[in-house]
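Input: a single structure, listed below in structure tokens.
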Amino acid sequence: MNLPATDIRTAPAEKAPKRQRHIAEEFRGKFYVYFCVLLMIVIIFSIVYFIASRGLAPFIANGVSVKEMLFGLKWNPEGDPAAFGALPFLFGSFATSLLAAVIAAPLGFCASVFMTEIMPKFGKTLLQPAIELLAGIPSVVYGFVGLSVIVPFLRDTFPGQGIGILAGALVLSVMILPTITTIATDALRSLPSGLKEGSYALGATRWQTISRIILPTTLPSLLTGVVLGIARAFGEALAVQMVIGNAPHIPHSLFESATTLTSIITLEMGNTTSGSLHNNALWSLALILLLMTFVFVFVVRVLERRVKR
Amino acid sequence: MSKHAFYTKDLSVYYGEKQAVKKISMEFPAREVVALIGPSGCGKSTFLRSLNRMNDLIPGARIEGEVWIEGRNICDPGTDVVSLRQRIGMVWQRPNPFHKSIYENVAFGPRYHGIRGKKALDEIVEECLRKTALWDEVKDRLHQSALALSGGQQQRLCIARSLAVRPSILLMDEPASALDPVSTSKIEELIAELKKEYSIVIVTHNMQQAARISDKTAFFFLGDLIEYDDTQKMFTNPSKKSTDDYISGRFG
């Protein structure tokens, strides 16, 4: 296809070097692409291997039980006896990210319905860039805003110090709003227009069409956005750490200090020496984060398969 | 006037500055099939869509003139579009069943309009599927996805769905052009059956189809209505030369 037309007309004597050049070109391109792909695969596997080897060490070398790690309530790796209960962190991570999704999902869906069905022009020129901008704000800024605005607000409105699960979830919900909105908007835009017309032609109002045709038909895609949002919230460290209080226990209310997997890792990693049990226990937490990411990716795959059907 | 289901008076449709339909006045007889023919872009689909105000959904579309249905001018801004569309069913070129079960597709419209009882809905679903000759083919799998049906079945389901809100007029925009010949002939038989109860307007690119199924034929060209007469006369002895040229395939 890329052979120039002159190639066909040229004499056989000239043909050989030209063809060789094409083969060399083809080879170079192929080599470059294969090299990049291979490099990527090597990097990914090295990371997974590294995390797994460090993260599994406490279980294998030091006899820490998996059960204790997942369900234990006490975290004291330096103590005597040492305790490795990570349940409070797991709880904090799940509570903040799920609550953030519960807050952000309705907002994101409404924003995308508004941008696609109600005011496409305004949505495209103003609302969409504004929401995409949210995705570009560094997480430390979110944390700072959360600490200076949300925490004092919660402190004045509800009992407690203001820091805690709810503060973390509120900060996270704004951070994952762009993910949910962008994916929902793409899904709504790609909906065949025949479906909408079919509904309108039966005498449905716009609201009936949105709630009974558009949203149910795009539901798997909408959920994909939510899961990706949860995955992002789950892995976010800095912003949550700044507003959640970082107390290693399961809180009794939304306004009590708590902590997450990510913030424990960032807080304690500087105080441990590489190779120590404490350090390896933190790697175990990282391994849990990695496995959760696999779960989220898997859920997204399953949802995508449902979209195709 | 009662023998006319509806009529248009100086109906024009604009897309922005462009006039797609130019001052068309037509009368549509009750319980007959009117075929709209003409080359692509001649305004026949636009004209069809303005009969139930579907052009409202297109940004920049504007209607002038009058469409009188059941004693009311539906182009009047005060028209309740929801109840208007309930009186006028519409079927498109590409079957567009909702991503729901066969039953839900048909029950969908009646639900919108407040029919909730299971028995009443069951009756409507069966009646509409029988009218479209689909009942015997799908009665054992009413609660399976409508997307599993063949293209022809999907199209008949879409017709059944539009019948379920009890319209008196059916608008069809090339209802068979995306279907195979067997499915097409089924749709044509269906139209012949449905015209006992409904007034039907059909846009088609297929001259034989227009000749086979319609009572009257209208020839559109560049937004103008060139000729409108009994199908018999249009196809054997049209009064305008351009009609003759188009029907006999010399242009378009």
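A few comments on the model shown:
- Between the residues A:202, A:223, A:174, the greatest Cα displacement towards the positive end of the dipole of the range A:163-263, with unit charges on the Cβ of Lys, Arg, Asp and Glu, is found for A:202.
- For peptides B:31-38, A:22-29, B:239-246, sequence by mean Cβ density within 10 Å, most packed first: B:31-38, B:239-246, A:22-29
- For chain A, the membrane-span-like helix rule (DSSP H, alpha carbon extent of at least 15 Å along the helix axis, mean Kyte-Doolittle at least 1.6) picks out A:87-113, A:165-189; this says nothing about an actual membrane.
- Under a model in which nothing but the beta-carbon of Lys, Arg (+1) and Asp, Glu (-1) is charged, the protein assembly as shown shows a dipole of about 760 debye around its Cα centre.
- Cβ charges +1 (Lys, Arg) and -1 (Asp, Glu), total dipole of the range B:44-197, debye: 340
- Across peptide B:95-101, the average count of Cβ atoms from other chains found within 10 Å of a residue's Cβ is 5.
- Beta bridge orientation in the range B:4-247: antiparallel %, DSSP, nearest 5: 60
- In chain B, helices alone account for a calculated mean residue ellipticity at 222 nm of -10000 deg cm²/dmol, with every DSSP H run of four or more residues adding -39,500 (n - 2.57).
- The order of B:80, B:173, A:156, going from fewest to most other C-beta atoms within 10 Å of their C-beta, is A:156, B:80, B:173.
- Across peptide A:193-199, the mean count of Cβ atoms from other chains lying within 10 Å of each residue's own Cβ comes to 6.
- Amide H contacts under 5 Å for residue B:21, placed H, 5+ residues apart: B:13
- Dipole magnitude for chain A: computed about the Cα centre from +1 point charges on Lys and Arg Cβ and -1 point charges on Asp and Glu Cβ, it is near 1380 debye.
- The range A:198-280 - percent relative contact order, Cα under 8 Å, separation 6 or more: 17
- For the protein assembly as shown, share of DSSP beta bridges that run antiparallel, in % to the nearest 5: 60
- Pair residue A:37, residue A:94: separation of 7 Å Cα→Cβ label points (nm): 3.8
- Likely footprinting exposure, A:292, A:242, A:119, fewest C-beta neighbours within 10 Å first: A:119, A:292, A:242
Where a number appears in this text, it was derived from the coordinates with a stated rule and is not lab data. None of these values were measured; they are calculated from a predicted model. Here Cβ is always computed from backbone atoms with ideal geometry, including for glycine, and neighbour counts include all displayed protein chains.
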